[in-house]
Amino acid sequence: MGDVLSQNEIDSLLAALDSGELDAEDMKETGEKQVKNYDFARPSKFSKEHLRTLEIIFEHYGRLLSTNLPGYLRKNVQIEVMNSEAITYSEFTNALSNPVILGIIDFRPLEGSIIMEVADNLGYTIVDRMLGGGGQPLEKSRDFTEIEMMILERIMNICTNLLVEPWLSVVHLNPRLERIETNSQFAQIISPSEMTSIITMNIKIGNVEGLMNVCIPYTCVEEVIDRLNTKYWYANMQVKDDKESRDIIENAINQVMVPVRAVLGKSAISVNDFVNLQPGDIIRLNTNVEDELNVYVGNINKFKALPGASNDAYAVRVTQVIREE
């Protein structure tokens with residue numbers, strides 16, 4: 001009977017509703033609170049904000065790849081970030097097939113390394129294009145030869161160097177490709193239970209499509225994890241962009257060719273006199289010898305100057321700057 005209200009409680013409740021102290025809609029929300037299970041064996045170290053920021057960084061990275069790789073592969077390259085997720089390292093390695101292309105990248109100055117996994121069909125396509133072929137993958141997968149690995153290492157070095165610019169808003173990287181593995185068992189860079197973030201990108205080289213997965217361990221980005229949020233990222237990007245834009249504009253303005261002319265004076269003569277002008281003829285101007293000359297930048301009167309000479313050439317000495325609001 002604990003749910004039965006007394007008359008005084010009913011009166012108080014009606015009075016509170018009439019006065020607006022209570023809202024009838026709020027009283028309807030009597031549902032039970034949802035409890036979310038938490039797995040202590042797999043702590044969620046990467047928040048949705050962290051993963052979203054990583055997606056933005058690698059969207060920038062994808063644009064750089066699609067701009068630079070066509071110069072080496074001579075094929076159109078399209079890259080799209082598919083998704084990002086947080087999983088354990090063992091889950092990542094268990095999903096890998098053999099053979100596979102795993103680039104182990106030292107993520108200096110951050111501690112540890114990241115893994116860049118490229119689908120084998122993309123690897124065969126890259127090798128075929130670099131050797132002058134049409135860029136078709138093999139019908140049946142096989143291990144890569146030493147020569148093919150050297151070719152892939154060259155492309156992976158290019159991909160590694162392009163990581164610097166997208167991460168500038170977080171940390172100034174100096175990444176270095178340590179090695180390339182084709183067997184996931186030889187790429188145990190961290191503990192299997194360690195949490196990682198996986199950024200999946202879809203790469204299309206000509207008509208061949210495949211996935212590239214970038215595995216970033218939490219221990220690698222732990223010291224800069226606070227910077228992996230869009231607020232910090234956009235704030236730093238805005239400051240950087242403003243400075244870069246200003247430098248670009250100033251550099252462009254400094255290279256602009258602007259006509260500058262000093263006007264000695266003006267005079268009005270007949271067309272007949274103009275047609276019959278000869279060397280040595282004197283034209284009388286409307287200015288005196290001691291008068292200052294008007295110097296025009298484009299069509300704007302910007303300076304006052306006095307005429308003279310410098311190294312056997314005519315020159316003017318600026319005496320006044322005309323500043324107009």
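Against the list (1) without any contact (Cβ under 8 Å) to a residue 60 or more places away in the chain; (2) within 24 Å of Glu222 (Cβ to Cβ); (3) outside any helix (DSSP H, G or I), the condition Thr160 fails is (3).
From the list Leu110, Leu102, Leu122, the lone residue that is buried (at least 17 other Cβ atoms within 10 Å of the Cβ) and assigned to a loop (DSSP other than H, G, I, E, B) is Leu110. Residue by residue through segment 263-279, note down the ones that are charged (D, E, K, R) and either more than 21 Å from Pro307 (Cβ to Cβ) or in a helix (DSSP H, G or I) (or both). The one that is charged (D, E, K, R) and either more than 21 Å from Pro307 (Cβ to Cβ) or in a helix (DSSP H, G or I) (or both): Asp273.
Report, by residue number, each residue of segment 278-325 that is among the polar types (S, T, N, Q) and surrounded by fewer than 14 Cβ atoms within 10 Å (Cβ to Cβ). Walk me through it before giving the result.
Filtering segment 278-325 down to residues among the polar types (S, T, N, Q) leaves 278, 286-288, 294, 299, 301, 310-311, 319-320.
Those that are among the polar types (S, T, N, Q) and surrounded by fewer than 14 Cβ atoms within 10 Å (Cβ to Cβ): Gln278, Asn286, Asn288, Asn299, Asn301, Ser310, Asn311, Thr319, Gln320.
Look through Met195, Met149 and report the one residue that is of a type in the set (A, V, I, L, M, F, W, C), in the same structural domain as Tyr89 (by TED's automatic domain parsing), more than 20 Å from the chain's Cα centre (by Cα) and over 29 Å from Leu73 (Cβ atoms). Before the answer, list the steps.
Working: Met149 fails: over 29 Å from Leu73 (Cβ atoms).
Testing whether each residue is of a type in the set (A, V, I, L, M, F, W, C), in the same structural domain as Tyr89 (by TED's automatic domain parsing), more than 20 Å from the chain's Cα centre (by Cα) and over 29 Å from Leu73 (Cβ atoms) leaves just Met195.
Based on what the data block shows, is Asn183 within 16 Å of Gly112 (Cα to Cα) and in contact (Cβ under 8 Å) with a residue 12 or more places away in the chain?
Answer is no for this residue.
Report yes if Arg142 is in contact (Cβ under 8 Å) with a residue 40 or more places away in the chain, farther than 18 Å from Arg74 by Cβ and in the same structural domain as Val214 (by TED's automatic domain parsing), otherwise no.
Details: in contact (Cβ under 8 Å) with a residue 40 or more places away in the chain: yes; farther than 18 Å from Arg74 by Cβ: yes; in the same structural domain as Val214 (by TED's automatic domain parsing): yes.
Spelling it out, Arg142 is indeed in contact (Cβ under 8 Å) with a residue 40 or more places away in the chain, farther than 18 Å from Arg74 by Cβ and in the same structural domain as Val214 (by TED's automatic domain parsing).
The values are calculated or read from the model by the stated rules, or taken from the named source; none is laboratory data. Just so it is clear, the structure is predicted and the values come from calculations on it, not from any experiment. So basically every Cβ, Gly included, is an ideal-geometry build from the backbone, and we count neighbours across all protein chains shown.
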